[in-house]
Amino acid sequence: AQSVTQPDARVTVSEGASLQLRCKYSYFGTPYLFWYVQYPRQGLQLLLKYYPGDPVVQGVNGFEAEFSKSNSSFHLRKASVHWSDWAVYFCAVSMTGGYKVVFGSGTRLLVSP
Amino acid sequence: AQTIHQWPVAEIKAVGSPLSLGCTIKGKSSPNLYWYWQATGGTLQQLFYSITVGQVESVVQLNLSASRPKDDQFILSTEKLLLSHSGFYLCAWSLAQGSNERLFFGHGTKLSVL
């Protein structure tokens, strides 16, 4: 069965520093992968999505993610974190042609001054 | 432009009481619709999805039911709430090609069962 693991429940980064949020997936076949961000008391917003092709995907607000089939990973990166990036980040995988989307447990990003 | 509206924004309900949460999507015809539940501080659990009016598929059993009475409306309900139903309920839609497309989420409903 498909699954997503985000091993870090909480990550603290200084403003201006670089960021990596980890995501490992388990899926038999070609995965479609997503990163979403959730601000307090709001729904989720899409940061970026991976469809089979270029392994590095560019998203909004300077975020990017790299797909690795050999490592079953889809880590999210940002070169310079801003205080407004303080939120919870979810990695998700969907089945090809299906209607089920599985989310990871989320990583809470804290930005220190 | 498409909009998604969830109601109510928040509910405080007693254990054993009924519940009805709603979701309306405007500006998009025949979307796929989804209900997700998020425990406090937790991950999102997909509850239901619907690809057409009158047809709803259950993903996980949580003593909840869902209906799609109109193309643009998705309802989540139960006749008897449990404490474990507390959390954040999110409605979402995607293009009709399937969940390979991105999900567009509503702002959610915070449910507290006491």
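Among the residues of the stretch B:31-51, write down those that are facing another protein chain (nearest Cβ under 7 Å) and under 22 Å from B:Asp72 (Cβ atoms).
Correct list: B:Asn32, B:Gln46, B:Tyr49, B:Ile51.
Of (1) of a type in the set (S, T, N, Q); (2) touching an Asp or Glu at 6+ places or on another chain (Cβ under 9 Å); (3) more than 12 Å from chain B (Cβ to nearest Cβ), A:Ser84 satisfies all except one. Which?
A:Ser84 satisfies every listed condition except (2).
Return yes or no: is A:Gly62 more than 24 Å from B:Pro31 (Cα to Cα) and either at the interface with another protein chain (Cβ under 10 Å from one of its Cβ atoms) or aliphatic (A, V, I, L, M) (or both)?
Working: more than 24 Å from B:Pro31 (Cα to Cα): yes; either at the interface with another protein chain (Cβ under 10 Å from one of its Cβ atoms) or aliphatic (A, V, I, L, M) (or both): no.
In short, no.
For residues that are out of contact with any Lys or Arg (no Cβ under 7 Å at 6 or more places or on another chain), closer than 19 Å to A:Gly104 by Cβ and at pLDDT 95 or above, tally how many sit in the stretch A:13-35.
Number satisfying all stated conditions: 6.
Are there any pairs with C-beta distances below 8 angstrom linking a residue in the stretch A:45-57 that is over 30 Å from B:Gly108 (Cβ atoms) and away from chain B (no Cβ under 13 Å) to a residue that is of a type outside the set (D, E, K, R) and in a loop (DSSP other than H, G, I, E, B), with the two at least 6 apart or on different chains, and if so which?
Between residues of the stretch A:45-57 that are over 30 Å from B:Gly108 (Cβ atoms) and away from chain B (no Cβ under 13 Å) and residues that are of a type outside the set (D, E, K, R) and in a loop (DSSP other than H, G, I, E, B), there is no close pair.
Does B:Gly54 satisfy being at positive phi and either within 14 Å of chain A (Cβ to nearest Cβ) or surrounded by 17 or more Cβ atoms within 10 Å (Cβ to Cβ) (or both)?
no
Starting from residues that are hydroxyl-bearing (Ser, Thr, Tyr) and in a strand (DSSP E or B), keep the ones in the stretch A:52-76 and report whichever is surrounded by the fewest Cβ atoms within 10 Å (Cβ to Cβ). Quick ask: steps written out before the conclusion?
If we filter the stretch A:52-76 for residues that are hydroxyl-bearing (Ser, Thr, Tyr), which is where we start, we get A:68, A:70, A:72-73.
With in a strand (DSSP E or B) added as a condition, the list becomes A:68, A:73.
Details: A:Ser68: 11, A:Ser73: 17.
Within the stretch A:52-76, the match that is surrounded by the fewest Cβ atoms within 10 Å (Cβ to Cβ) is A:Ser68.
Can you pull out every residue in the stretch B:30-64 that is more than 10 Å from the chain's Cα centre (by Cα) and not in a loop (DSSP other than H, G, I, E, B)?
Answer for the stretch B:30-64, where residues must be more than 10 Å from the chain's Cα centre (by Cα) and not in a loop (DSSP other than H, G, I, E, B): B:Asn32, B:Gln38, B:Leu44, B:Gln45, B:Ser50, B:Ile51, B:Thr52, B:Gln55, B:Val56, B:Glu57, B:Ser58.
The values are calculated or read from the model by the stated rules, or taken from the named source; none is laboratory data. Keep in mind the model is a prediction, meaning the values are calculated, not measured. Every residue, glycine as well, gets a Cβ built from its backbone with ideal geometry; the counts of neighbours run over all protein chains shown.
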